[in-house]
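Trainee: Below is a structure I'd like to ask you about.
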Amino acid sequence: MTSRRDFLKVSGAAGAGLVLGLHLEAKPRPGAAAKAEFRPNAYLTVKPDGTVRITVPKTEMGQGVRTALPLAVAEEMDLDWSKIEVVNAQPGPEFKGMQTGGSTSVSSTWTPLRKAGATAREMLKAAAAAQWKVGADQCRTEKGFVVGPGGKKLGFGDLAEAAAKLPVPKDPALKKPADYHLLGKRTPRFDGPAIVTGKAIFGLDVRRPGQRFAAVLRCEVPGGQPKTWDDTRAKAVRGVKAVLKVPTGLAVIADNTWAAFKGREALALTTTWDEGPAKDFNSGALEEKMRAALTGPADEARREGDVDKALAAAAKVLEAEYAFPYQAHATVEPMNTVVQMQAEGAEMWTGSQSPNRAQERAAAALGLKPEQMKVNVALIGGGFGRRLGTDFSTEAAQVAKAAGGGPVQVVWDREDDFRHDLYQPATLHRMRAGLDTSGAISAWAHRIAGPAVLRSWMEGQKSPAQASVEANGALDIPYALPALRVDFAEVEAPPPLGWWRGIEIVPNVFARECFLDEVAHAQGKDPLQLRLDLMGDRGVVKFGREEADIRRLKKVLQVAAEKAGWGRKLPVGHGLGLACHAYDGRTYAAEVAEVSVEKGQLRIHKVTCAVDCGFAVNPAGLEAQVEGGIAFGLSALFSQITWEKGRTVQTGFHDFPVLRLADMPAIETHVVPSSEAPSGMGEPPVPLAIPAVLNAVFAAAGKRIRRLPLGLDSFK
Amino acid sequence: MPSYQLTVNGRVRPVDAEADTPLLWILRDTLGLTGTKFGCGQGVCGSCTVHLDGQAVKSCQRSLKEAAGHAVITVEGLSKDGSHPVQKAWIAEDVAQCGYCQPGMIMTAAALLKRNAHPTDGDIEEAFADHVCRCGTYPRIRKAVKRAAGSVK
């Protein structure tokens, strides 16, 4: 299986920058004063005052990278956590191909960041040893100091200048986990104090001297263009400076955001549109096409044995159709970017999950070389994959160029954000299972029909790996099945698509885990026992290029079931449901939901989650990701994007419901201890929430729900 | 040009802007107080919550004209140094993920606890009904409000 992770890499991602960052050369900063800083590599700088600045090559969007990644450096260096600064890396020669996605931030930086810290530690020890004329092996590090024989101490800051002149060790030893005093302990979010005082600067909070604000009037139908307009009324709005045609529509430039919005509103009244080729697109017609594709030709993602033969020979065939709608990311901070044109290039401030891609594309749009576009990465007010896209940053560059002069911040409003998202697409799933005369599963067929996210990411090209990427979560089904086929029938549709927290795994695991529950009930078998039986004594199983250790999955399922009290007597109207998955073969998670359905009202009382994500770098952050991942998954029980006349029906939080405080169930997280290398936690909890809840709904009310979102009539 | 006297975080600020400009944009663009966030502009996400005469209000739904002459407190003015009991509880419970919606959450929590020192779960749910946290920090918000209960003067 080729995963999305590979695509994030191929298209210029994760690995490359870190390899470069690992060129562990001592680089004194040009023009530095006598008291030099010590910068043994791209990740850290020891300042003369002892403060250590750690450069994070991943974008913070709430997943805690500005805490978890510095912890790896601080651990190896024995830093005083209260004396660190954290800055975001900038795309450039030291950081190529930065990308924050695929739940890989910790796993891809784990080794390089620890090595960076260990390198600095060894050099600081060597500098102290030279000063004291003792062996480096007689020195140790402790909370920002090198401690030598007799307890003498020198601060890292005092050693910075000398350390910077020493040779860089090639392969410094890394600490053993038993010696960790930061990693594996609960560390609160580094940015917490800045956040609670309103000092944290998100993209939308960037303010440059002379900054102007812009709103772009875009066609409601993605891809459409303004035909005619009269800017008289827009320009009459106080504060509006200009109305300019830009590639994405009409930009209203103003001296404050509100004036830009008001000007745009006035401009909209006089604008006529060429709505383009997507103007008749609607959800109903798409669904008919998808349904036709459930039985037509498809690209095979995985095949084991002869499914058709096994289905034909089956004593009983179960069949069901599952449906998942389009979804929006709905980050609370709308898209935005500041771009400032300069004599020899431009500078950008943006909350991007793909800073290098943002740099390259914005530069290309302005006819600049990437290095002429300096990119500053801001904090992100919710990413969830939306900000892997570069549409909004490129647009801002085009607006700033058209406007000329000083910096311009392009601000999207809530409706812009819903109408011009890069969506998770709708899919239909045709599930079939053959049962033999003993009731055992003899065949499993999962057909997925819908638009391909990967095609959007590949700018309209079909990748050879398309079927396996779109079938992620379906083809890596962890159960032993005698005959198995998973395939993907692409149905092209106009809306632009993107990666959404949990990606295709969400709909695919929803269909897979709910349908397996149907099979269990048809067999008269306990859904937990069926899963355990189907995992049996399987060890490492290969799915194309990926593999998963089924023993680890079985363990988390057992833990979640035990902690949730699977099989216990429940109050009337309550039910338990479960689901499990090995996310990209790296993070193993299982969830058990307890729900009640009374008088047509669904209540989700509790979700118990067990995870094995390898070594837990920061258990506090891990638990937050479980809570947040489950909330994100549960929201998708209720939300959808639908299309009429080429445009979204939904325009805000009023008609795209997301989970609110009162809806949030209790969450209980159990971490299965592991000495494996850390994997990721951002996405793995997301896909299990829906099937766990819907299987619980069946247990509670005998109602099988195969179509999302839940509606008022779902429980009738 | 209409001119207004706005009292923000205890300071009187003269503001020259259109009367119907939402307080949110006066705070963010005119006064540079970017701790108050823009999330929806439709009054349904709560990110822009500030105190107006001690009440939690959505600043995207209050005009400059309506706010003038009243005491506005933003997250920047809740305490000098992050020492407000709600801010301290937020840190203790490690509430924030991305953090974008949190200033609004904190302002609502502070106003709630001032008028109701020991809110029930139902009171908390009601107070936060118009707030969105897409990161799903709700369990910790609930805990943080309870932690700060009784300590907001």
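The values are calculated or read from the model by the stated rules, or taken from the named source; none is laboratory data. This is a predicted model, so every value here is computed, not measured. Heads up, the Cβs are rebuilt from the backbone with ideal geometry, glycines too, and the neighbour counts pull from every protein chain shown.
Trainee: For segment A:357-441, which strands (runs of 3 or more DSSP E) that fit wholly inside it have 2 or more residues that are closer than 30 Å to A:Thr651 by Cβ and either among the β-branched types (Val, Ile, Thr) or outside the structural domain of A:Glu504 (by TED's automatic domain parsing) (or both)?
Mentor: In segment A:357-441, the matching strands (runs of 3 or more DSSP E) lie at A:408-411.
Trainee: Can you confirm whether A:Arg706 is at pLDDT 95 or above, outside the structural domain of A:Glu562 (by TED's automatic domain parsing) and farther than 30 Å from A:Glu275 by Cα? Talk me through it step by step, then tell me what you get.
Mentor: Numbers: at pLDDT 95 or above: yes; outside the structural domain of A:Glu562 (by TED's automatic domain parsing): yes; farther than 30 Å from A:Glu275 by Cα: yes.
Considered against the rule, which asks whether it is at pLDDT 95 or above, outside the structural domain of A:Glu562 (by TED's automatic domain parsing) and farther than 30 Å from A:Glu275 by Cα, A:Arg706 comes out as yes.
Trainee: Please verify whether A:Ala631 is surrounded by fewer than 19 Cβ atoms within 10 Å (Cβ to Cβ), in a helix (DSSP H, G or I) and not aromatic (Phe, Trp, Tyr), treating the condition exactly as stated.
Mentor: Against the criterion (surrounded by fewer than 19 Cβ atoms within 10 Å (Cβ to Cβ), in a helix (DSSP H, G or I) and not aromatic (Phe, Trp, Tyr)), A:Ala631 does not qualify.
Trainee: I'm checking my understanding of the structure. Among residues of segment A:234-254 that are of a type outside the set (Val, Ile, Thr) and more than 34 Å from the chain's Cα centre (by Cα), which one is farthest from B:Thr21 (Cα to Cα)? I'd like the intermediate steps shown before the answer.
Mentor: Start the filter on segment A:234-254 by keeping residues that are of a type outside the set (Val, Ile, Thr), which leaves A:234-236, A:238-239, A:241-242, A:244-245, A:247, A:249-251, A:254.
In the following step, the residues that additionally are more than 34 Å from the chain's Cα centre (by Cα) were identified as A:234-236, A:238-239, A:241-242, A:244.
Numbers: A:Ala234: 16, A:Lys235: 17, A:Ala236: 16, A:Arg238: 11, A:Gly239: 12, A:Lys241: 17, A:Ala242: 20, A:Leu244: 23 Å.
Here the answer is A:Leu244.
Trainee: Collect the residues in segment A:423-440 that are of a type in the set (Val, Ile, Thr) and buried (at least 24 other Cβ atoms within 10 Å of the Cβ), keeping them in residue-number order.
Mentor: Across segment A:423-440, the qualifying residue is only A:Thr427.
Trainee: If we scan segment B:38-61, do we find a residue that is within 13 Å of another protein chain (Cβ to nearest Cβ), surrounded by fewer than 20 Cβ atoms within 10 Å (Cβ to Cβ), at pLDDT 95 or above and in contact with a Ser or Thr (Cβ under 8 Å, 6 or more places away or on another chain)?
Mentor: Scanning segment B:38-61, I find no residue that is within 13 Å of another protein chain (Cβ to nearest Cβ), surrounded by fewer than 20 Cβ atoms within 10 Å (Cβ to Cβ), at pLDDT 95 or above and in contact with a Ser or Thr (Cβ under 8 Å, 6 or more places away or on another chain), so the answer is no.
Trainee: A further question on this structure: Within segment B:114-151, which residues are outside any helix (DSSP H, G or I), among the charged types (D, E, K, R) and surrounded by fewer than 23 Cβ atoms within 10 Å (Cβ to Cβ)?
Mentor: B:Asp130
Trainee: Every residue in segment A:263-280 that is within 14 Å of chain B (Cβ to nearest Cβ) and crowded, with 24+ Cβ neighbours inside 10 Å, please.
Mentor: A:Gly263, A:Arg264
Trainee: State which residue is farthest from A:Ala178 (Cα to Cα) when the search covers only segment A:664-715 and only residues that are touching an Asp or Glu at 6+ places or on another chain (Cβ under 6 Å) and in a loop (DSSP other than H, G, I, E, B).
Mentor: Ranking the candidates gives A:Val672 first.
Trainee: If we scan segment A:357-364, do we find a residue that is more than 14 Å from every other protein chain (Cβ to nearest Cβ), buried (at least 24 other Cβ atoms within 10 Å of the Cβ), on the phi < 0 side of the Ramachandran plot and free of Cβ contacts under 8 Å to residues at least 40 places away in the same chain?
Mentor: Yes; the residues of segment A:357-364 include at least one that is more than 14 Å from every other protein chain (Cβ to nearest Cβ), buried (at least 24 other Cβ atoms within 10 Å of the Cβ), on the phi < 0 side of the Ramachandran plot and free of Cβ contacts under 8 Å to residues at least 40 places away in the same chain.
Trainee: Also, I was wondering about something else. Return the only residue of B:Ala149, B:Ala92 being without any contact (Cβ under 8 Å) to a residue 60 or more places away in the chain, more than 12 Å from the chain's Cα centre (by Cα), under 27 Å from A:Thr187 (Cα atoms) and more than 10 Å from chain A (Cβ to nearest Cβ).
Mentor: So the residue among B:Ala149, B:Ala92 that is without any contact (Cβ under 8 Å) to a residue 60 or more places away in the chain, more than 12 Å from the chain's Cα centre (by Cα), under 27 Å from A:Thr187 (Cα atoms) and more than 10 Å from chain A (Cβ to nearest Cβ) is B:Ala149.
Trainee: Of all residues being away from every other protein chain (no Cβ under 12 Å) and in contact (Cβ under 8 Å) with a residue 40 or more places away in the chain in segment A:371-384, which is surrounded by the fewest Cβ atoms within 10 Å (Cβ to Cβ)? Just the residue, please.
Mentor: Going residue by residue through segment A:371-384, those that are away from every other protein chain (no Cβ under 12 Å) are A:371-377.
Keeping just the survivors that are in contact (Cβ under 8 Å) with a residue 40 or more places away in the chain gives A:371, A:374-377.
Details: A:Glu371: 12, A:Lys374: 17, A:Val375: 27, A:Asn376: 17, A:Val377: 27.
Top of the filtered list is A:Glu371.
Trainee: Within the bounds of segment A:614-635, is there any residue that is under 30 Å from A:Glu547 (Cβ atoms), in the same structural domain as A:Leu528 (by TED's automatic domain parsing), in contact with a His (Cβ under 8 Å, 6 or more places away or on another chain) and touching a residue at least 12 places away in the same chain (Cβ under 8 Å)?
Mentor: No, every residue in segment A:614-635 fails to be under 30 Å from A:Glu547 (Cβ atoms), in the same structural domain as A:Leu528 (by TED's automatic domain parsing), in contact with a His (Cβ under 8 Å, 6 or more places away or on another chain) and touching a residue at least 12 places away in the same chain (Cβ under 8 Å).
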